[in-house]
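S.K.: Just dropping this structure here.
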Amino acid sequence: MRDGEKMKNEVKKKGSCLVSLFLAVIVILGGLSVLVSADNPTVVYVSPNSLTVSAGQTFTLDIACTPGQMIKSYELKLSFDPSLVHANQVTEGTIFNGYTTFFNEGTIDNVAGTIVDVYGLILGAGMVQTPGSLISISFTAQAASGTTSIDLYDVGVTNESVYVPITTMNGTVELREFTLTVSTDGSGSVTKNPDQATYPYGTVVQLTAIPDEGWMFSTWTGDASGSNNPISITMTSNKSVVAHFTQHDYILTIQVEGSGTVSLSPNLPSYAYGAVVTLTAEPTEGWAFTYWSGDLTGSDNPETITIDGNKTVVAHFVDSMAPEISGVTQTTSNPLDTDPLYGWVNVSCTVTDNIAVSEVMLCIHTPSGAWTNVSMLSTTPGVYYYRSATAFSQAGNYTYTIVASDSTGNDATSSQVLFSMLPNWDINGDGVCTIFDLVLVSNHYGETSSNGWIREDADNNGTVSVLDLVYLSNHYNEMWW
């Protein structure tokens, strides 16, 4: 720092004594009443010439100078509207930079709205003609609106001996509040806190983006940026902010229980909020659609669903194909005999199913009118049988059917089969005991073998004898069918 700069700070004075000293210096330099003529007058002006501020804002104005010739000193006063602005501080400008100066910051009166007795000069030899600021003034805008002029008066600029011609240009300061315009792109809204029509300078406003259902906030543009939500914006001017919203994409997941498919219309990877999708359940052959579960209920087919979030729907199909019964066959002992020691009947069939066979029943209607239901066995996959020496031991006419059930509860019933169990005394099986049955026994009279070896051994004792004839005679002309 030059020695002159140190001195400048040391010799700043205030009050009437400094004014007297300044006047004395001017007198010494050549008198105050003398003006020098010049083609280019020196211009003293407020910079910036106009300024817009808001309540509470602190700002700075310069009193600047463009010399029309060499200058050495200046003095000035100014006025303002104290209801709109208050002056805080006056500081020396830059026009005499590089020289040792004598500077007086003057007196601020924020009641009258004046700053008076501001002056400065170069100490010792030296003058300048380079434009610069005479002083800088810090102001604070008050809580009001309007326009104040910054009026310069009693302004003087000298060279080393006389005042030079000057032109002054006043300035204006407008106090107003700022607007915050918020708009949206997409579906949503924005709240402002505080929510006001206008805002003073420096007000911090919090903006909160609120997406509509099915939408989400994405980003700010305009005088705000980024994707933080909420966001704060400081009002230093009129502001415009756009909140951008985008629609959610939702997934519709289809699951199937059983065997079938579900078609979607429209069939898309994802759906926007509010989209309506038609679901059609399509069972495979032998299956039937029963109902929806998950985010869709009921049994209507097709059915629609409105997308308002990620959805999962389960289509339920059940097996509707009954088992298939085929190859119903019966075999018997030979000879057929009502005696359980020698006679038996075996009924067999083949049962197939698209899922699984759970049970096969043989339903027997006996000559006495009773029903006997018995389970058929399987030792070979798909082949079922029932063998019994007692189930058909009563002489007479039987009917039977086979009922097959699968694991999903579907049933199938075979055609009814008629089976006649001959009584031992009807040797030829014509339904009545006649002379012809006695003749058949007599044809084997005296023959022997194992018990029950032929029907003519009616009493199953291993010998065709008179006892067999007596047994038949006891049923002579008897009908059983």
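S.K.: Looking only at segment 322-359, count every residue that is in contact (Cβ under 8 Å) with a residue 12 or more places away in the chain, among the polar types (S, T, N, Q) and more than 11 Å from Y385 (Cα to Cα) and tell me the total.
M.R.: Of segment 322-359, the ones in contact (Cβ under 8 Å) with a residue 12 or more places away in the chain are 322-333, 335-359.
Next, from what is left, pick out any that are among the polar types (S, T, N, Q): 326, 329-333, 338, 346, 348, 350, 352, 354, 358.
Next, from what is left, pick out any that are more than 11 Å from Y385 (Cα to Cα): 326, 332-333, 338, 352, 354, 358.
Number satisfying all stated conditions: 7.
S.K.: Which of the residues belonging to segment 71-95 are in a loop (DSSP other than H, G, I, E, B), of a type outside the set (S, T, N, Q) and touching a strand residue (DSSP E or B) at 6+ places or on another chain (Cβ under 7 Å)? Write out each step before concluding.
M.R.: Step one: list which residues in segment 71-95 are in a loop (DSSP other than H, G, I, E, B), which gives 72, 80-84, 93-95.
The next check asks that each one be of a type outside the set (S, T, N, Q); those that pass are 72, 80-82, 84, 93, 95.
Listed by number, the residues that qualify are K72, F80, D81, L84, G93, I95.
S.K.: Output yes when any residue across segment 118-136 is within 60 Å of the chain's Cα centre (by Cα) and modelled with pLDDT under 95, and no when none is.
M.R.: Checked against the condition, which is being within 60 Å of the chain's Cα centre (by Cα) and modelled with pLDDT under 95, segment 118-136 yields no hits at all.
To keep it simple, each residue is scored yes or no on (1) among the hydrophobic types (A, V, I, L, M, F, W, C); (2) within 26 Å of A389 (Cα to Cα).
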{"site": "L440", "(1), (2)": "yes, yes"}
{"site": "Y445", "(1), (2)": "no, no"}
{"site": "T448", "(1), (2)": "no, yes"}
{"site": "I454", "(1), (2)": "yes, yes"}
{"site": "D457", "(1), (2)": "no, yes"}
{"site": "N461", "(1), (2)": "no, yes"}
{"site": "V466", "(1), (2)": "yes, no"}
{"site": "L469", "(1), (2)": "yes, yes"}
{"site": "Y476", "(1), (2)": "no, no"}
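S.K.: Moving on to the next point. Got a sec? Which of T179, T234, T246, T208 is of a type outside the set (G, A, S) and at pLDDT 95 or above? I'd like the intermediate steps shown before the answer.
M.R.: Working: T179 fails: at pLDDT 95 or above; T234 fails: at pLDDT 95 or above; T246 fails: at pLDDT 95 or above.
Checking each option against the conditions leaves just T208.
S.K.: Now for a separate question. Just checking, does segment 130-147 include any residue being touching a Lys or Arg at 6+ places or on another chain (Cβ under 6 Å) and not basic (K, R)?
M.R.: Yes, because at least one residue in segment 130-147 is touching a Lys or Arg at 6+ places or on another chain (Cβ under 6 Å) and not basic (K, R).
S.K.: Sticking with this structure for a sec: Would you please name the residue that is farthest from T390 (Cα to Cα), looking only at residues in segment 360-371 that are of a type outside the set (S, T, N, Q) and touching a residue at least 12 places away in the same chain (Cβ under 8 Å)? Walk me through it before giving the result.
M.R.: Of the residues in segment 360-371, the ones of a type outside the set (S, T, N, Q) are 360-365, 367, 369-371.
With touching a residue at least 12 places away in the same chain (Cβ under 8 Å) added as a condition, the list becomes 360-365, 367.
Details: V360: 20, M361: 17, L362: 14, C363: 15, I364: 12, H365: 14, P367: 13 Å.
So, considering only residues that are of a type outside the set (S, T, N, Q) and touching a residue at least 12 places away in the same chain (Cβ under 8 Å), the one farthest from T390 (Cα to Cα) is V360.
S.K.: Also, I was wondering about something else. Determine which member of the set V85, V118, V90 is of a type outside the set (F, W, Y), more than 14 Å from T148 (Cα to Cα) and buried (at least 23 other Cβ atoms within 10 Å of the Cβ). Spell out how you get there, then give the answer.
M.R.: Numbers: V85 fails: more than 14 Å from T148 (Cα to Cα); V90 fails: buried (at least 23 other Cβ atoms within 10 Å of the Cβ).
Residue meeting the stated conditions: V118.
S.K.: Check off (1) in the same structural domain as D185 (by TED's automatic domain parsing); (2) surrounded by 14 or more Cβ atoms within 10 Å (Cβ to Cβ) for S237 and give me the number that stays unchecked.
M.R.: Status for S237: all satisfied but (2).
S.K.: Could you figure out which of (1) closer than 30 Å to S320 by Cα; (2) buried (at least 16 other Cβ atoms within 10 Å of the Cβ) isn't true of Y250?
M.R.: It is condition (1) that Y250 fails.
S.K.: Something else now. Out of the residues in segment 314-334 that are among the hydrophobic types (A, V, I, L, M, F, W, C) and out of contact with any Cys (no Cβ under 6 Å at 6 or more places or on another chain), state the one that is nearest to D300 (Cα to Cα).
M.R.: Keep residues of segment 314-334 that are among the hydrophobic types (A, V, I, L, M, F, W, C), which gives 314-315, 317-318, 321-322, 325, 328.
So of that shortlist, the ones also out of contact with any Cys (no Cβ under 6 Å at 6 or more places or on another chain) come out as 314-315, 317-318, 321-322.
Details: V314: 13, A315: 11, F317: 13, V318: 15, M321: 21, A322: 24 Å.
Out of the qualifying residues, it is A315.
S.K.: Just to check your reading of the model, which residue among Y471, Y400 is in the same structural domain as T352 (by TED's automatic domain parsing), surrounded by 14 or more Cβ atoms within 10 Å (Cβ to Cβ) and either touching a residue at least 12 places away in the same chain (Cβ under 8 Å) or out of contact with any Phe, Trp or Tyr (no Cβ under 6 Å at 6 or more places or on another chain) (or both)? So that I can check it myself, show each step before the final result.
M.R.: Details: Y471 fails: in the same structural domain as T352 (by TED's automatic domain parsing).
Just a single option satisfies the conditions, and that option is Y400.
S.K.: Can you name the number of the only condition in (1) surrounded by fewer than 18 Cβ atoms within 10 Å (Cβ to Cβ); (2) touching a strand residue (DSSP E or B) at 6+ places or on another chain (Cβ under 7 Å) that V345 fails?
M.R.: (1)
S.K.: Got a sec? Which of G120, G113 is more than 19 Å from T91 (Cβ to Cβ) and assigned by TED's automatic domain parsing to the domain that holds Q57? Working first, answer last.
M.R.: On the way: G120 fails: more than 19 Å from T91 (Cβ to Cβ).
Selected residue: G113, the only one of G120, G113 that is more than 19 Å from T91 (Cβ to Cβ) and assigned by TED's automatic domain parsing to the domain that holds Q57.
S.K.: Still on this structure: Within segment 134-151, track down each residue that is surrounded by 19 or more Cβ atoms within 10 Å (Cβ to Cβ) and farther than 27 Å from T198 by Cβ.
M.R.: L134, I135, listed by residue number.
S.K.: Let me ask another. Residues to consider are V173, V155; find the one that is closer than 21 Å to Q69 by Cα, touching a residue at least 60 places away in the same chain (Cβ under 8 Å), assigned to a strand (DSSP E or B) and out of contact with any Cys (no Cβ under 6 Å at 6 or more places or on another chain). Before you say what the answer is, go through the steps one by one.
M.R.: Working: V173 fails: closer than 21 Å to Q69 by Cα.
Criteria check complete, one pass: V155.
S.K.: Restricting to segment 298-344, name every residue that is aromatic (F, W, Y) and at pLDDT below 95. Reasoning before the result, please.
M.R.: Within segment 298-344, the first condition is being aromatic (F, W, Y), and the residues that meet it are 317, 342, 344.
The answer is Y342, and nothing else.
One line per residue, one yes/no per condition, for (1) small (G, A, S); (2) buried (at least 17 other Cβ atoms within 10 Å of the Cβ):
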{"position": "T331", "(1), (2)": "no, no"}
{"position": "D339", "(1), (2)": "no, no"}
{"position": "I364", "(1), (2)": "no, yes"}
{"position": "L377", "(1), (2)": "no, no"}
{"position": "S414", "(1), (2)": "yes, yes"}
{"position": "L422", "(1), (2)": "no, yes"}
{"position": "D430", "(1), (2)": "no, no"}
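S.K.: Select from segment 189-215 the residues that are loosely packed, with under 14 Cβ neighbours inside 10 Å and touching a residue at least 12 places away in the same chain (Cβ under 8 Å) and write down the one among them that is farthest from N238 (Cα to Cα). Outline the logic, then answer.
M.R.: Filtering segment 189-215 for residues loosely packed, with under 14 Cβ neighbours inside 10 Å gives 189, 191, 193-195, 197, 204, 206, 213.
From what's left, touching a residue at least 12 places away in the same chain (Cβ under 8 Å): 189, 191, 193, 197, 204, 206, 213.
Details: S189: 20, T191: 17, N193: 16, A197: 11, V204: 13, Q206: 15, E213: 31 Å.
It comes out as E213.
S.K.: Criterion first (surrounded by fewer than 14 Cβ atoms within 10 Å (Cβ to Cβ) and modelled with pLDDT under 95) does S368 satisfy it?
M.R.: Working: surrounded by fewer than 14 Cβ atoms within 10 Å (Cβ to Cβ): yes; modelled with pLDDT under 95: yes.
For S368, the condition - surrounded by fewer than 14 Cβ atoms within 10 Å (Cβ to Cβ) and modelled with pLDDT under 95 - is met.
S.K.: Inside segment 270-307, can you point out the residues that are of a type outside the set (V, I, T) and in contact (Cβ under 8 Å) with a residue 40 or more places away in the chain?
M.R.: Quick first cut of segment 270-307, residues of a type outside the set (V, I, T) only: 270-275, 279, 281-283, 285-289, 291-296, 298-303.
Scanning segment 270-307 gives A272, Y273, G274, G286.
S.K.: Within segment 29-76, count every residue that is at pLDDT below 95, among the hydroxyl-bearing types (S, T, Y) and either surrounded by 20 or more Cβ atoms within 10 Å (Cβ to Cβ) or farther than 30 Å from T234 by Cβ (or both).
M.R.: Total meeting the criteria: 3.
The values are calculated or read from the model by the stated rules, or taken from the named source; none is laboratory data. Note that this is a predicted model, so its numbers are computed, not measured. With ideal geometry, Cβ positions are generated from the backbone for all residues, glycine too; neighbour counts draw on all protein chains shown.
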